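Engineer: Can you read through this structure? Questions will come right after.
Since every read-out is calculated from the coordinates, none of them should be taken as a lab result. It should be emphasised that the depicted structure is a prediction, and the values quoted were computed from it without experimental measurement. With ideal geometry, Cβ positions are generated from the backbone for all residues, glycine too; neighbour counts draw on all protein chains shown.
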Amino acid sequence: SRALASREFGMGDPLALATAETGLNASLLLVEDRRGSAERMAAALGQYHTVTVEADPQAAIHVAAEGNFDLVLVSLDLEGFDGLRLCSQLRSLERTRQVPLIMVAEAHDRARIVRGLDFGVHDYLLRPVDRNELVARVRTQIRRKRFSEVLRSAVQASMEMAVTDGLTGLHNRRYLDNHLAGLFADPRLRERPVAGLILDIDHFKAINDTYGHEAGDEVLRTFADRVRLHTRTIDIVARYGGEEVVILLPDAGLAEAYAIAERIRERIEGTPFQVHRDTRSVAVTVSIGVANRRPEDVGPGEMLKRADLALYRAKASGRNRVEA
Ligand code: GH3
Ligand code: MG
Ligand code: MG
Ligand code: MG
């Protein structure tokens, strides 16, 4: 069925993406000082790709490092220069490390071809270069590179998902717990001040009941955005529970943390939340409990426990308050 097909071959599928992109034009660098050979190879490859020819191997390193090439072909028979050395330099430079390399060599040069393959050159072509073989081997390397790029970004995305809350984009609890544990385990960080805020939206259940769960989600997203807006980049903002957010303030004392909490509380109260498909705006307030690390604390649990007790006091004394 259509739905099945789009699920199997949709844009989210790394293999489908990679396959689709193999048809794309690639950018190639050909390091070759034999003019006739360079012209023939460039003509064959030029039908499908953009080819830059560089005859000077010293210049080739800079061109390769500056340019954004998908693949580099290197002649092993350069005049007065060891093409294998160029390959090894390209393999060790940060900018060119990931770029596939293909050696172009004479058949009797087996020993150097093997050495090249040994240190990571991806493939080779024997002279006289067959144009179909040239195009096919280049295409194979481009496909492999595209696929590993797509795979890498998919892995990166799933690693981000593991530490990010899907609804709000804030860090999730797992991330917070890890980070907190680090602040207490690392002896250098152990001595630094740190404060923790627990924020809990007031009467959130009533917001859900009045405007619906979707509107509640929207309020949560906007709430998260505003909190992020009023914290520094070094602060850790994490969704702690349903409508609870924890903020860690590195290097902040209790008074400073209290002031930041009070500012956030005012910013939430000060501007009503706009809810999609509803002309009314929703008045939202938040209660915040504040605590800081004490020298006798052995782990993060105690600080958050104090913040939670302070939050309870804020709720008990009428909500829309900060307590420390
Ligand atoms: P209080 O002022 O005492 O904090 O009252 P409250 O209603 O906010 O507290 P309570 O803990 O009783 O209710 C929290 C509600 O948050 C209940 C739950 O349905 C809702 N909630 C939790 N997670 C989500 C979510 O992801 N989306 C929505 N829309 N609601 C959520
Ligand atoms: Mg709650
Ligand atoms: Mg509650
Ligand atoms: Mg609440």
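Engineer: With r defined as the distance between the Cβ atoms of Tyr312 and Thr285 and R0 fixed at 22 Å, what FRET efficiency is calculated, to the nearest 0.05?
Structural biologist: It comes to 0.85.
Engineer: While we're looking at this one, here's another question. Over the stretch 237-305, what is the relative contact order in percent, taking alpha-carbon pairs closer than 8 angstrom and at least six residues apart?
Structural biologist: Across the stretch 237-305, relative contact order equals 22 percent.
Engineer: Charges on Cβ only, +1 for Lys and Arg, -1 for Asp and Glu, centred on the Cα centroid of the stretch 29-105; of Ser92, Val74, Ala60, which one is farthest towards the dipole's positive end?
Structural biologist: Final value for the positive-end residue is Ser92.
Engineer: Another question about this same structure. In whole Å, largest first, what are the principal axis extents of the Cα atoms in the chain?
Structural biologist: If we take the Cα atoms of the chain, the spans are 87, 55, 29 Å.
Engineer: For the chain, what is the calculated [θ] at 222 nm in deg cm²/dmol (nearest 500), taking -39500 (n - 2.57) for each run of four or more DSSP H residues and dividing by its residue count?
Structural biologist: -16000 deg cm²/dmol
Engineer: Give the cross-link partners of Lys315 among the aspartates and glutamates, using a straight C-alpha distance below 12 Å as the criterion and excluding same-chain residues fewer than 8 apart.
Structural biologist: Hits, sequence-local ones excluded: Asp200, Asp202, Glu323.
Engineer: By the scheme Lys and Arg +1, Asp and Glu -1, what is the net charge of all other residues having a beta-carbon under 15 Å from that of Leu183?
Structural biologist: Result for the local shell: -2.
Engineer: In degrees, nearest 10, range 0 to 90: what is the angle between the Cα axis of helix 57-66 and the longest Cα principal axis of the chain?
Structural biologist: Result, in degrees: 20.
Engineer: Please give the charge dipole size of the chain, origin at the Cα centre, charges +1 on K and R Cβ atoms and -1 on D and E Cβ atoms. Round to the nearest 20 debye.
Structural biologist: Details: 45 positive and 47 negative charges, 67 e Å.
My answer is approximately 320 debye.
Engineer: With a cut-off of 8 Å between alpha carbons and a minimum separation of six or more residues, what is the relative contact order of the stretch 58-128 in percent?
Structural biologist: Details: 90 pairs, mean separation 22.3, N = 71.
So the answer I get is 31 percent.
Engineer: Taking the Cα centre of each part, how many Å lie between the stretch 296-318 and the stretch 35-112?
Structural biologist: If you average the Cα positions of each part, the centres end up 63 Å apart.
Engineer: Among Ser37, Ser148, Ser158, what is the fewest-to-most ranking by other Cβ atoms within 10 Å?
Structural biologist: Ser158, Ser148, Ser37
Engineer: Quick one: in the stretch 80-189, what % of C-alpha pairs are over 25 Å apart?
Structural biologist: Details: 2931 of 5995 pairs.
I get 49 percent for the Cα pairs in the stretch 80-189 exceeding 25 Å.
Engineer: Related question: Label the stretch 202-280 by shape, choosing from rounded, prolate and oblate, from the square roots a ≥ b ≥ c of the eigenvalues of the Cα gyration tensor; if a/c is under 1.5 it is rounded, and otherwise prolate applies when a/b is larger than b/c, oblate when it is not.
Structural biologist: Numbers: a/c = 2.40, a/b = 2.06, b/c = 1.16.
The shape class here is prolate.
Engineer: Along the charge dipole of the stretch 109-216, which of Gly182, Thr140, Leu117 sits closest to the positive end, that is, farthest toward it, with unit charges on the beta carbon of Lys, Arg, Asp and Glu (+1, +1, -1, -1)?
Structural biologist: Going by the charge dipole, the pick is Leu117.
Engineer: Put a dot 7 Å past each Cα toward the Cβ at Glu106 and Arg35; how far apart are the dots in nm?
Structural biologist: Taking the two extended label points, one gets 2.2 nm.
Engineer: Just need the relative contact order of the chain here, percent rounded to a whole number, with Cα pairs under 8 Å and 6+ apart.
Structural biologist: 13
Engineer: Now for a different question. What is the dipole size for the stretch 28-111, taken about its Cα centre, with +1 at each Lys and Arg Cβ and -1 at each Asp and Glu Cβ, in debye to the nearest 20?
Structural biologist: With Lys and Arg at +1 and Asp and Glu at -1, about 240 debye.
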